[in-house]
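The values are calculated or read from the model by the stated rules, or taken from the named source; none is laboratory data. All of these numbers come straight from a predicted model, not from anything done at the bench. Cβ coordinates were reconstructed from backbone atoms using ideal geometry, including for glycine residues, and neighbour counts include every protein chain displayed.
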Amino acid sequence: MIDTGYALGVIAAMALVTFALRALPFVAAQWLNQHALARALGEFLPLAIMTLLLVHSLTGAALEHPTGPWPELLAVSLVVLVQWRSRNPLLSIVVGTSLYVLMRNFG
Amino acid sequence: MTEHQILPSDRAPAQFSVLALTAPVAMGYIPLGAVFGFLFVQAGGDWWLAMVASLLVYAGASQFMMIPMLAAGLPLGTIALATLIVNSRHVFYGLSLMNRLPASWSLRWYMVFALTDETYSLLTTLPGATSPRQMALLAALNHSWWVLGSVAGAAIGAQAHIALAGLDFVLAALFAVLTVEQWRSRKSSVPLWVALAAYALAYPLAARHALVISIALSIVAGLLWQARSPAGADDD
């Protein structure tokens, strides 16, 4: 069970950070435009972080199977392929998750 | 949430309906919000906390990210930092909308709060003559789809005992979708390789803290990478 007080604290912190980011350009437009470093990190980090979140969300399940992480690799490849071609997040997620659930339960 | 095209490019009639404009967003937000609510409850959170999160945080990727982090009991500061990084792209949305937002104080700040990827892309496609109230209505409708979906998903999650293994793959699938979209708009593929290397380094060291360690390594690498190519200013 997730502790309610802790969860509320996390939600409040995340809400503040997200709002601050969305509000920043309205209070500090010039500063942002002048700081190449802030911009460069803004370009570098999102792809790195998404890659990390993807890998991290898979390692738990992937390292459990005695036969190797094939279900995870196959399902993620399918999601990437469908998303690359279709640009439809919902379709990609449903197709990939269905394949994964099928492999895990009936494979 | 994700940076895909919601509107067919040829749809910009003079007499548009705000409700029609948000329909594609509803079709994305309600199911995705439901997935968030469902996973949140399944991870051990109360249903109303999922609703509060969607109401107050209202940022898809970081809300999904918060589930494993909450379940693992990570320190508040770590989660705040991860939120800062994942949502940093939002900083650049406001710049292009600066002069178009409502003059009214409360409407203006509500819109700033509600600037998700999808709302941003809809707002930028609106005709110049759109009234501030219509812009705010659009933002509020999108917000309510997200909250509605989260509550529905949390309600289902509170009832259901999942019989199927592997449903939590939706989270990985969502991250894969976001990675693809980041990759599509990348200026360099270095961040992806840096992230993979950082994780490969961090995992054997401390599997439980691999995410935090590899995020920190990526930040350091990003700073070094920028310092090595000080041309940051020449890209525009």
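Points to keep in mind about this one:
- Selection within segment B:168-197 - facing chain A (nearest Cβ under 7 Å) and at pLDDT 85 or above: B:Ala173, B:Ala176, B:Val177, B:Thr179, B:Val180, B:Trp183, B:Pro191, B:Leu192, B:Val194, B:Ala195, B:Leu196
- Residue pairs meeting the criteria (Cβ under 8 Å; at least 6 apart or on separate chains; first away from every other protein chain (no Cβ under 14 Å) and under 20 Å from B:Gly33 (Cβ atoms), in segment B:112-131; second surrounded by 15 or more Cβ atoms within 10 Å (Cβ to Cβ) and hydroxyl-bearing (Ser, Thr, Tyr)): B:Leu122/B:Thr22
- Flag for B:Ala139 being touching a helix residue (DSSP H, G or I) at 6+ places or on another chain (Cβ under 9 Å) and either outside the structural domain of B:Leu107 (by TED's automatic domain parsing) or surrounded by 16 or more Cβ atoms within 10 Å (Cβ to Cβ) (or both): yes
- Residue in segment A:3-21 that is crowded, with 21+ Cβ neighbours inside 10 Å, at pLDDT 80 or above and charged (D, E, K, R) present: no
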